[in-house]
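The values are calculated or read from the model by the stated rules, or taken from the named source; none is laboratory data. Being a predicted model, the structure only gives us computed values, none of them experimental. Neighbour counts are summed over all protein chains in view; Cβ atoms, including those assigned to glycine, are modelled from backbone coordinates with ideal geometry.
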Amino acid sequence: MPFPFATSTSSRQKPVSIRRNVLRLSLPVLLSSLFQRLVSIVDVFLTGGLGASAIAATGLGQLLMVTTMTVFWGLSTGVTVVISHLWGAGRRKDAGRAASVACLAGLGMTALCSLAGARWGGDIARLMGAAPHVQVLAAEYIRLVFLWMIWTTGLNLLSAIMHGTGDTRTPMKAIILVNILHVLMAWPLIYGKLGMPALGVKGAAIAINSSEFIGFAYLLIQALRKKYITFGRPDLQLFGRIWRIGWPVALERVAQQSGQLFYSSFIIAYGTTAYAAHQIGLSIESLSFMPGAGMGIAAATLMGQSLGAGKLRRARISHNEALRLAVGVMTVMALIFFFAPQFLIGLFSQDPDVIEKGSVFLKLVAFAQIPLAISFVYAGSLRGTGDTVYVFIVTLVAMWGIRVALSWAASSWLHLSLYAVWGVFLIDWYCRGVAFAWRYHRRDLHSVVL
């Protein structure tokens, strides 16, 4: 098995060109991820002036939306991989037809989720244990964001289509536009400024809907102008290829998020301070995910395009360069987390106990950065080959068979310390990194058929 970072002297010039390609694709994805996260952060921040009930209602609405979006992430990954293969093979008309059938499927799925969320979202808030006054606010917020979630799913799907063609800059511009408009609309609509009515939590939902509509319209115009979508009779065979790749991704997201929820429940048992440190640490850690996630999408796109073009050597070099860059960037993140944890936690809390516990969490996170980088890029490359079932199985086993099971044993059975329970996620990510790398190096790219 060749060392993953090795490149021959004779091919030194080619990796430099491919490295630029990886950066060209991944940097806009990184910024898009950052700005997507800011949309939800800004809503929670702006509704904070309305009190804890408004924050809780907004948080519940966002949690429900993220959970619902898991199935759309599966569709988005499927369409990105299929389009990247067709685009690399020069079959751009077929890529446009794949984009078209994915949009029709997304429209149908959105209609079902939108109606269900608008009708029963408030009931779900009640079942989750929200207080009566929170239920009222949450029901209003959830009804509006789900009623117009077509703009959210449309943004997600059109971005995925463009990622498959290698165009990551246009989705980045759309997300930046959404963020700017969201801030400009949310503040006056929530608090009644600049002649606007004071709508509270409802105003936050309207701001999201309005800004995402404009972002969606921009992406749709660009997709049609650049001929990324070819309208015509729906091609069920192409949709079958998309869904065959996408459904394991949807289940993978469900397994990851539900497992994370259970894992957090074990942390809560150690007290409010421990959970506060955990949540602050997760917020800081999530920023380190973005470089790895960006490189992972770049790896999936370049792998798909290279395989579609029949250029297996380029596919391998693309993977190696994405891996090299991800490990380099996330090593820097590891050093920051390890040597400046008190400063980072102190930005969020002045409680000495929270800072102490949170600093230990970030030092543990530092040791997870390299396996995280390896996992993101290898998983991305495997998705680019269409091997999404394996990625799902590894995620399911690692999250539930390792993280959840060992955390339960450490906290409820062995009664070990909080730090032992936190240490379990290191075992999880190291196992994932090894499993993904093993599969990739045993994968025969000559036999890949989508």
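The C-beta contact set for segment 385-408 (first residue free of Cβ contacts under 8 Å to residues at least 24 places away in the same chain and over 17 Å from V434 (Cα atoms), second residue in a helix (DSSP H, G or I) and among the β-branched types (V, I, T), distance under 7 angstrom, 6+ apart or interchain) comprises L406/V424; L406/I427. Looking at the structure I just gave you, is P341 modelled with pLDDT under 95, out of contact with any helix residue (DSSP H, G or I) (no Cβ under 9 Å at 6 or more places or on another chain) and in the same structural domain as M295 (by TED's automatic domain parsing)? In short, no.
Taken over segment 125-136, the criterion of being in contact (Cβ under 8 Å) with a residue 12 or more places away in the chain and in a loop (DSSP other than H, G, I, E, B) is satisfied by M128, A130, A131. Applying the selection to segment 135-148, what residues are buried (at least 24 other Cβ atoms within 10 Å of the Cβ) and of a type in the set (A, V, I, L, M)? The answer is L137, A138, I142, V145.
Looking only at segment 359-384, residues that are touching a Leu at 6+ places or on another chain (Cβ under 8 Å) and either without any contact (Cβ under 8 Å) to a residue 40 or more places away in the chain or farther than 24 Å from T77 by Cα (or both) come to 5 in all.
Scanning segment 137-185 for residues that are closer than 30 Å to A89 by Cβ, in contact with a helix residue (DSSP H, G or I) (Cβ under 8 Å, 6 or more places away or on another chain) and assigned to a loop (DSSP other than H, G, I, E, B) yields G166, T168. Inside segment 397-441, residues that are under 25 Å from A326 (Cβ atoms) and either hydrophobic (A, V, I, L, M, F, W, C) or at pLDDT below 90 (or both) make up a count of 16. Within segment 93-134, if we keep just the residues that are of a type outside the set (A, V, I, L, M, F, W, C) and in contact with an Asp or Glu (Cβ under 9 Å, 6 or more places away or on another chain), the residue that is surrounded by the most Cβ atoms within 10 Å (Cβ to Cβ) turns out to be R97.
Here's the yes/no breakdown for (1) crowded, with 22+ Cβ neighbours inside 10 Å; (2) of a type in the set (A, V, I, L, M, F, W, C):
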site	(1), (2)
G328	no, no
F343	no, yes
S349	no, no
K363	no, no
I370	no, yes
Y378	yes, no
L396	no, yes
W400	no, yes
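Restricting the search to helices (runs of 4 or more DSSP H) fully inside segment 1-93 and requiring at least 3 residues that are touching a Ser or Thr at 6+ places or on another chain (Cβ under 7 Å) and modelled with pLDDT of 80 or more gives 70-88.
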